[in-house]
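The values are calculated or read from the model by the stated rules, or taken from the named source; none is laboratory data. A quick note: this is a predicted structure, and the numbers were derived from the prediction, not measured. Heads up, the Cβs are rebuilt from the backbone with ideal geometry, glycines too, and the neighbour counts pull from every protein chain shown. Protein only, heavy atoms only, side chains kept; ligands, DNA and RNA dropped before computing areas. Shrake-Rupley method; radii C 1.70, N 1.55, O 1.52, S 1.80 Å.
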Amino acid sequence: MDIKRVKDYVYWLYYQYLLITCSYVLEPWERSMFHTITVTVFAMVVYTAYVFVPIHVRLAFEFFSQIFGGQPESPV
C-alpha cells in the first residue's frame, strides 16, 4: 500500500471526526480542550471496562450456574 494513500486516508478520517463532532468550527484552543476531554473520557471508559467487566461476567456466570442447577461450590 502506498504511504501517500494511507496518509490521505488518515487525514480523511480525521476530517470526518471533526465534522461529526462539530469541532471543525471551534477555535484552535477550544478544539484542543475538546480533544483532551474526549480522549480522557474515552480512556476512563476503556480502563473501567478492562477492570470491572471481567469481574461482573464471572459473578453473573456464578449466579446463573447456581440458578440453573450447577454444582454448589464447597465452602472448604
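No other residue among THR21, THR40 is touching a helix residue (DSSP H, G or I) at 6+ places or on another chain (Cβ under 8 Å) and of a type in the set (Ser, Thr, Tyr) apart from THR21.
Among the residues of segment 23-44, what is the count of those that are of a type outside the set (Ser, Thr, Tyr) and either open to solvent by 90 Å² or more (accessible area, probe 1.4 Å) or touching a residue at least 60 places away in the same chain (Cβ under 8 Å) (or both)?
Residues of segment 23-44 of a type outside the set (Ser, Thr, Tyr): 25-31, 33-35, 37, 39, 41-44.
Now drop any that are not either open to solvent by 90 Å² or more (accessible area, probe 1.4 Å) or touching a residue at least 60 places away in the same chain (Cβ under 8 Å) (or both), which leaves 25, 27-29, 33, 37, 39, 42, 44.
Counting residues in segment 23-44 that are of a type outside the set (Ser, Thr, Tyr) and either open to solvent by 90 Å² or more (accessible area, probe 1.4 Å) or touching a residue at least 60 places away in the same chain (Cβ under 8 Å) (or both) gives 9.
Based on what the data block shows, is GLU73 touching a Gly at 6+ places or on another chain (Cβ under 9 Å) and at pLDDT below 95? No: the conditions fail for GLU73.
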